[in-house]
Amino acid sequence: MSTRRQASSARALVLACAAFFTSLLLFPAVANAYPWMIKHGESRCITCHNDPSGAGLLNNYGRNASEQLLRTNYGKVDPKLGGFLFGAVKLPKELLLSADYRSGFNEMKVGNGSFNGPDYLLMNGQVGAGLRVDWFRAAATFGLALTGAPLDAVYSSRDNGIALTSREHWLGAAFDNDKWLVRAGRMNLPFGLRVLEHVTFVRQFTRTSIKDAQQHGVSVAYSDGPVRGELMAIAGNFQLKDDVNRERGYSGYLEFAFDKHYAVGVSSLVTHAKQDYTEFFNHAPMWRQSHGVFARLGFNKFLTVLAEADYIGYSPGAVSTASGATGPAPVAGAAWNGGAALVQVDLEPVQGLHFTPAFEAYKTGDGVQGEGTSWSGWFTTSWFFFSHLDVRLDLVHSKVFQGPFAQNQDIALLQFHGWL
């Protein structure tokens, strides 16, 4: 390589890194995942993502696919716009960089009350970097949160509530042309549908959302032909201050694609913590488990159906007086068993424009929430109107049970999203 070419490559890398770290201050974010992309005929997430189970950093192929398949292209496609910084900087093929921005306005109504708001939402600031050098793989995300100390905080300030966050940071090794990937670090839990909607029952009650429910551990992922899966040994979330709150156990899934547009899978998770980190169970010792099935069905480019159903069990024990808790757990010594289900239909009449109705339900047995069935109906409209830019409106009506009592809730959320 000539000296001039070396200097040019060095300048490009310096500019990319400068933009990357500058964007840490400018771009609040959430991780993104669109499992309805199976409609385009690629069931394997690792084809586009650095994470073998989807979401997060895109590789170069994934960036090109997002430009050609995700957004409204108005009759023409410029693949260069899919690159980092809209193609202004050409990164070395071994380096992946990204930054997101997502914010919006939220209004909520409880019961027969009136809507309050609109409240401005500024979500987590996050940027990501990844390396793919020969067999070596790595990824890390960093950002800022303005809401205290979330589960992904590596540092939080008591004075102003600002937290430095990291959802993912892992090292890995790929084998056999990327069919196998072994990773160690903090990762998304492999379970069910990796959807963006982290507040759905299937993601809340299994505690497997991509928002901040990542755990530290070691995972083995396999993806080849019609089969993909991942199994993770969970060592705990080491970004929680107290070791007694850290869960240990496993999480995993196995999916089979009947063809490149239709896939079904099974998931399983079992963990134990000496003290549950939530106040809901009064920090009792906790065994919890989730087992379920899911499906991704891309009937055509217009219609995709996503579905998931999970058994969910919480088995809290008696609270030790040495733990500092004020009394027994709400269901101390008793199992709380229930189930959650989600059906989401994605309709795309024009490329980039989506109408996404969804229905979800959650039902407990003899637990603290009583016998009522909580449910939510969603209607989402989203438009990927240009490279790296989209807008989204969610309208959600819910009936949520607390013991024998039910309460209606209505939410309207308008979101603006951009990424680099």
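Straight-line cross-link reach from K39 at under 17 Å between alpha-carbon atoms covers these aspartates and glutamates, not counting any fewer than eight positions away in the same chain: E67, E255, D259, D346, E348. At an R0 of 35 angstrom, the distance between the Cβ atoms of L231 and F405 translates into a FRET efficiency of 0.30. The stretch 117-140 and the stretch 279-298 have Cα centres lying 25 Å from one another. Taking Lys and Arg as +1 and Asp and Glu as -1, the other residues whose beta-carbon sits under 9 Å from that of F416 total +1. Estimated from the Cβ-Cβ distance and a Förster radius of 35 angstrom, the FRET efficiency linking K241 and H40 is about 0.20.
To the nearest 0.05, how large is the calculated FRET efficiency for F299 and F359 if R₀ is 25 Å and r is the Cβ-Cβ distance? Mind dumping the intermediate values first?
Working: r = 18 Å, r/R0 = 0.73.
In this case the efficiency is close to 0.85.
Segment N112..V343, full-extension length gain: 80.4 nm, with 0.36 nm per residue of separation and the alpha-carbon distance subtracted.
Quick one: which of 226-232, 201-207 comes out on top by average Cβ neighbours within 10 Å, and what's the full order, highest first? Write out the running numbers ahead of the final one.
On the way: 226-232: 20.0, 201-207: 22.9.
The packing order, highest mean first, is 201-207, 226-232.
Where a number appears in this text, it was derived from the coordinates with a stated rule and is not lab data. None of the values given here were measured: they were computed from a predicted structure. Here the Cβ is made from the backbone with ideal geometry for all residues, glycine too, and neighbour counts use every protein chain on show.
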